[in-house]
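What follows is a single structure, written as structure tokens, with notes after it.
The values are calculated or read from the model by the stated rules, or taken from the named source; none is laboratory data. It should be emphasised that the depicted structure is a prediction, and the values quoted were computed from it without experimental measurement. Positions of Cβ are generated from backbone atoms using ideal geometry, with glycine treated the same way; all protein chains shown enter the neighbour counts. Ligands, DNA and RNA are stripped out before the accessible areas are found, and what is left, the full protein with its side chains, is counted by its heavy atoms. Shrake-Rupley method; radii C 1.70, N 1.55, O 1.52, S 1.80 Å.
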Amino acid sequence: MSGSVREDAGQMAVELAVLVPVIVAVALVVANVLQFAELVSRFDRVAPDAVVLHGVSASGVSSELAGVAEVKSAIEQAMGEMPCEVAVRAEPISGDGSEARIDLAVGTTRFVCELGYRPWPSSVQIAGVGFELPVIVRHERSFVVDRFRAAVVS
């Protein structure tokens, strides 16, 4: 009986040494998923408001694509110190004028707001060798606004 106890004496330590990296990896994945879910939730609340407030009636130059910088800064300010990247672009929806027809979409602009998140840790050093994770998770929302009819968003 004492022989079998001695054979199993280190089994628990070996099992623990094998399971700890797996548990840490799963915990990191869960923490990153929860962080990204929080970012997406806040971004989905903030982006439409920023587009309606700053994209429709941009200050300064009065062009179809004005207001991109203002929308981006409003979203970044509302996101606070969250670890994310925000990108905004505007695309005119109206025709290019090459065809001789009446354009019913004059003044409509599509704002595409994009949220980027780099999972933590994004860089790792093991034995003096650095690894940079090239992964970035993206979430995109697009809104079509009419510059001549305030608060019309689709």
Any hit, region 76-95, residues being more than 28 Å from the chain's Cα centre (by Cα), farther than 19 Å from Arg45 by Cβ, modelled with pLDDT of 75 or more and outside any loop (DSSP other than H, G, I, E, B): no
Answer residue from region 108-122, given it is open to solvent by 70 Å² or more (accessible area, probe 1.4 Å) and either closer than 23 Å to Ala27 by Cβ or assigned to a loop (DSSP other than H, G, I, E, B) (or both) and is modelled with the highest pLDDT among those: Arg118
Selection within region 36-49 - closer than 14 Å to Gly80 by Cα and open to solvent by less than 50 Å² (accessible area, probe 1.4 Å): Leu39, Val40, Phe43, Val46, Ala47
